[in-house]
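Derivation of every value follows stated rules applied to the coordinates shown; laboratory data play no part. Keep in mind it's a predicted model, so treat the numbers as computed, not measured. Quick reminder, even Gly has a Cβ in these numbers, built from the backbone with ideal geometry, and neighbours come from all protein chains shown.
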Amino acid sequence: MKYVLLFIIMPLATSCQFFETEKISSETFYDEEIKTIDWKDVDQYPVFKSCEAFSEKEAQKNCFENTLATSLFEAVTSNKDMSIKDLSDTVYVKFSVSEKGQLSVKSIEMDSLTQAELPNLKKSLHIKIDSITLIAPAYKRGIPVKTKFTLPIVLQTDEEL
């Protein structure tokens with residue numbers, strides 16, 4: 001009986017060191033936490049009025065992209081320029097969303113032929129983007145953040161006109 005009691009007491013007396021917690025400094029914790037953050041992704045995408053009902057990240061992303069693409073499609077189709085030549089080009093619209101939810105165009109990249117054939121396209125895209133309103137910016141860990149996006153717009157003219 002004494003031996004059984006000794007076997008029970010012995011591990012309990014020597015195992016206290018296993019219950020101690022390791023103390024780390026706040027700087028070490030901060031450095032480790034910073035390494036785990038994916039800086040290329042946000043927790044919540046910028047929100048349009050029509051997208052506020054979506055709570056899942058993927059649904060927010062899809063709604064944001066589709067709403068923006070639809071708005072820019074309207075700008076392209078409302079453009080009064082007519083192309084004489086057949087066009088097949090991709091226009092890249094680079095824009096950012098501020099921490100306050102303001103959209104701003106950074107650049108619009110297009111081929112010189114497209115620029116010559118559709119001289120008012122850049123202006124139409126700028127006007128449309130400036131008229132778009134968001135109700136919330138993107139968030140990362142509960143903090144509003146600035147985000148940058150590039151949206152490709154494929155232009156293709158019909159030969160049958």
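Details
- Out of Glu65, Glu109, one residue alone is of a type in the set (Asp, Glu), in contact with a Phe, Trp or Tyr (Cβ under 9 Å, 6 or more places away or on another chain) and within 18 Å of Gln44 (Cβ to Cβ). It is Glu65.
- Test: residue in the stretch 113-128 that is of a type outside the set (Val, Ile, Thr) and within 19 Å of Cys63 (Cβ to Cβ): yes
- Within the stretch 31-79, the residues that satisfy the criterion of being more than 18 Å from Leu125 (Cβ to Cβ), aromatic (Phe, Trp, Tyr) and surrounded by 10 or more Cβ atoms within 10 Å (Cβ to Cβ) are Tyr45, Phe54.
- Criterion (free of Cβ contacts under 8 Å to residues at least 60 places away in the same chain, within 18 Å of Phe64 (Cα to Cα) and under 20 Å from the mean Cα position of the chain (by Cα)) met by exactly one of Val93, Val97: Val97
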